[in-house]
1. Give the residue, chosen from 243, 250, 210, that is out of contact with any Pro (no Cβ under 6 Å at 6 or more places or on another chain), of a type in the set (Gly, Ala, Ser), over 30 Å from residue 150 (Cβ atoms) and crowded, with 18+ Cβ neighbours inside 10 Å.
2. Checking residue 131 against (1) crowded, with 17+ Cβ neighbours inside 10 Å; (2) hydrophobic (A, V, I, L, M, F, W, C); (3) in a loop (DSSP other than H, G, I, E, B): exactly one of these is not met. Which one?
3. Taking the stretch 29-47 as the search range and keeping residues that are crowded, with 16+ Cβ neighbours inside 10 Å, touching a Phe, Trp or Tyr at 6+ places or on another chain (Cβ under 8 Å) and not aliphatic (A, V, I, L, M), which one is farthest from residue 8 (Cα to Cα)?
4. Looking only at residues that are modelled with pLDDT of 80 or more and assigned to a loop (DSSP other than H, G, I, E, B) in the stretch 28-56, which one is nearest to residue 7 (Cα to Cα)?
5. Can you pull out every residue in the stretch 220-246 that is in a helix (DSSP H, G or I) and of a type in the set (Ser, Thr, Tyr)?
6. Take the conditions among the polar types (S, T, N, Q), buried (at least 17 other Cβ atoms within 10 Å of the Cβ) and either more than 22 Å from residue 107 (Cα to Cα) or touching a residue at least 12 places away in the same chain (Cβ under 8 Å) (or both) and apply them to residue 22. Does it pass?
7. Out of all the residues in the stretch 71-123, which are closer than 18 Å to residue 5 by Cβ and not in a helix (DSSP H, G or I)?
Amino acid sequence: MKDNLGQVFKKIRTNRHISLKQLANEEVSAAQISRFERGESDISLGRFLVALERMHVEVSEYIDAVNDNQRTEQIRFMSALIPLEYERDINGFRRMQQEEERKYKENPDVYRYHLNTILLQSFICKCDPEIPFPKEYIAELTDYLFVTEEWNMYELILIGNTYLFIDIPLLHKMGQEIVKRQDYYNEIGSHKSLVSITLLNIWETCLHRGNLEVADYYRKNIKPILDDETDIYKRTIYLFLSGLQHYLEGRQNSGKTEMKRAISIFEWTGSSNLAANYKKDYDRFVK
């Protein structure tokens, strides 16, 4: 973390065209500030506050800059995942994982680096199902999520990419927490789509593993979220999963009709890959 703090400090200083010599005085030397900026050593709180004051920077302004720097770093990380996932590039994921492990070793107080390592392992395991997902990662992920008060986009992405490796009782506990926080997600608006996709994935997993009782919880709680008539993609997935649940519950004719209708909608809208994937699901369950 200290290198990040130092980098932000240096960025503010250079943006204001302030030299190390101008900051230095009898309380803090130019060499001390320079080592702090390079992440080579810490600096005492007193000297740090003196340096901020001499730059005419409020502590709150500095904290905002640190948080913004961390968000920018995480955005770069998430953006790098997209082409690797498209190409199913296991070696690329492993290289990123090694980099996150290095960062965490050097900055053990930045737990996000370790969480990124767990997230990358989920992508590796999805590319090659023969690779096991470590059980200790599930425990660490669970501990993190249930001591975190607000689940924002990053937490939803963690759940949305590790759900395949989590057993139903724990996964359902996570899903219930998301549903409980629905008012919060509706208030901020930006996470609503990610919420519905995550819950649809959990519902689908419950159906695939034959847990119809838990699946019914999601059938009932997801429908009110899909209130946008123009959101054909998620509403069509809902239609297919609803049909699959009806089929597994014994209402085979209505279930098959709903699933076939959903597949047809994907075909009509030119979503051939989605149509093919759900046709495979249909063939897997329908005897």
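The values are calculated or read from the model by the stated rules, or taken from the named source; none is laboratory data. Since the structure is predicted, the reported quantities are computational estimates derived from the model, not experimental observations. When we count neighbours, we look across all protein chains shown, and the Cβ atoms used for this are built from the backbone with ideal geometry, even at glycine.
1. On inspection, the qualifying residue turns out to be 243.
2. Failed condition: (1).
3. Selected residue: 36.
4. 38
5. 233, 236, 238, 242
6. no
7. Correct list: 107, 108, 109, 110.
Every residue, every condition in (1) modelled with pLDDT of 90 or more; (2) acidic (Asp, Glu); (3) surrounded by 13 or more Cβ atoms within 10 Å (Cβ to Cβ), yes or no:
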| residue | (1), (2), (3) |
| --- | --- |
| 68 | no, yes, no |
| 82 | no, no, no |
| 104 | yes, no, yes |
| 136 | yes, yes, no |
| 140 | yes, yes, yes |
